[in-house]
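Worksheet for the structure shown next.
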Amino acid sequence: MGFTDILLPDDIRNEKLLKADPLYDRLDKKQQEEAVAAAVQTGESYAAWLRQHFKEGCISEVLLALDINVKQEHVPNARLSPYSIYRIKTKTITLHVNIIEDLVEDLIKITNEISYDELSENVMNVILFHELFHHLEESKFKKASKQYQVKVINLGFFSISSGIKALSEIGAHTFTKACIGDIERYLNITTKEVCEYEF
């Protein structure tokens, strides 16, 4: 999924994420709904925890208080690289700045009354909140992907279950929107404009 998918309505984005998961075909409709609901609840509860402990919600202050490092890197193969990566062992969020810069260059063409620098900062904040969720699920709470299990092998009394990786992304998007608020307003962009523009 691309960055601008966060602008999609929650139900459409969540369904899109879940459909991309390898375990999607093993879920019936009820299980799909339960899995998404569990991930959404996780994102909302982590955001509630954050608001309780960090009243201002300034991402830089939160990262500093939680001792999370942020570094910037240029990556050579932008097409295959994500905007950022969180590494649990070093408690580090790595921002791939050249990929983010390309994104901001595209987004600035369809925004109104916002400077390049402000848009760039806001895009970075969205990405940082997203990665903060992954830090919280790895180091403080339970991973969203493991909050709903699916049987992948079932041999009578013996069965093996697996978590659904897409639930971590659904939780992260929910968390980010709960922390920032209306993303369209925050980036001064609309879903309609994004859909009409070819990235």
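Once the principal axes of the Cα atoms of region 5-109 are found, what is the range along each, listed largest first in whole angstroms?
41, 37, 33
Give me the compactness ratio for region 1-56, meaning the Cα radius of gyration over 2.2 N^0.38 Å. Let's see the in-between values first.
Working: Rg = 13.7 Å, N = 56, 2.2 N^0.38 = 10.2 Å.
The reported ratio for this selection is 1.35.
So which aspartates and glutamates pass the test for K177, namely a Cα distance under 15 Å, with those fewer than 8 places away in the same chain ruled out?
D5, D10, D11, E44, E131, E169
Under the 0.36 nm per residue contour assumption, what length would be gained going from the current alpha-carbon distance of D10 and H74 to full extension?
Values: separation 64, 0.36 × 64 = 23.04 nm, distance 3.13 nm.
Length gained between D10 and H74: 19.9 nm.
Could you provide, to the nearest whole Å², the per residue accessible area of the chain with probe 1.4 Å?
Numbers: 11250 Å² over 199 residues.
Normalised by residue count, the accessible surface of the chain is 57 Å².
Between Q31 and T90, what is the label-to-label distance in nm when each label sits 7 Å out along the Cα-to-Cβ direction?
Distance between label points: 3.8 nm.
In percent, how large is the relative contact order of the chain, given Cα pairs closer than 8 Å and 6 or more residues apart? Mind dumping the intermediate values first?
Numbers: 233 pairs, mean separation 57.3, N = 199.
For the chain, the relative contact order is 29 percent.
Give me the number: length gained by fully extending W49 to I114, i.e. 0.36 nm times residue separation minus the C-alpha to C-alpha distance, one decimal in nm. Please list the in-between numbers first.
Details: separation 65, 0.36 × 65 = 23.40 nm, distance 3.07 nm.
This chain segment gains 20.3 nm when fully extended.
Please compute the net charge surrounding D11, taking Lys and Arg as +1 and Asp and Glu as -1 over other residues with Cβ under 14 Å from its Cβ.
Computed value for this residue: +1.
Each residue of region 48-61 in turn: what ³J(HN,Hα) in whole Hz from Karplus with 6.51, -1.76, 1.60 and θ = phi - 60°, glycine and Pro shown as x?
With coefficients 6.51, -1.76 and 1.60, one gets 5, 4, 4, 5, 5, 9, 9, 4, 6, x, 5, 4, 5, 5 Hz.
In region 3-196, what percent of the accessible surface is made up of carbon and sulfur (1.4 Å probe, ligands and nucleic acids excluded)? Mind dumping the intermediate values first?
Values: 5410 of 10780 Å².
Carbon plus sulfur share of accessible area: 50 percent.
Check S84: other-chain or 5+ apart residues with amide H under 5 Å from its amide H, H built from backbone geometry?
Excluding prolines and chain starts, which carry no amide H, the hits are H96.
Taking H placed 1.01 Å from N in the peptide plane, check which residues at least 5 places from L8 or on another chain put their amide H under 5 Å from its amide H.
none
Dividing the convex hull volume of the alpha carbon atoms of the chain by its residue count, what do you get in Å³ per residue? Present the calculation step by step, with values, prior to reporting the outcome.
On the way: hull volume 28.0 nm³, N = 199.
Convex hull of Cα atoms, per residue: 141 Å³.
The values are calculated or read from the model by the stated rules, or taken from the named source; none is laboratory data. Quantities reported herein were computed from a predicted structural model and do not represent experimental measurements. Here the Cβ is made from the backbone with ideal geometry for all residues, glycine too, and neighbour counts use every protein chain on show. Remember, those area values only see protein heavy atoms, side chains included, never the ligands or the DNA or RNA. Shrake-Rupley method; radii C 1.70, N 1.55, O 1.52, S 1.80 Å.
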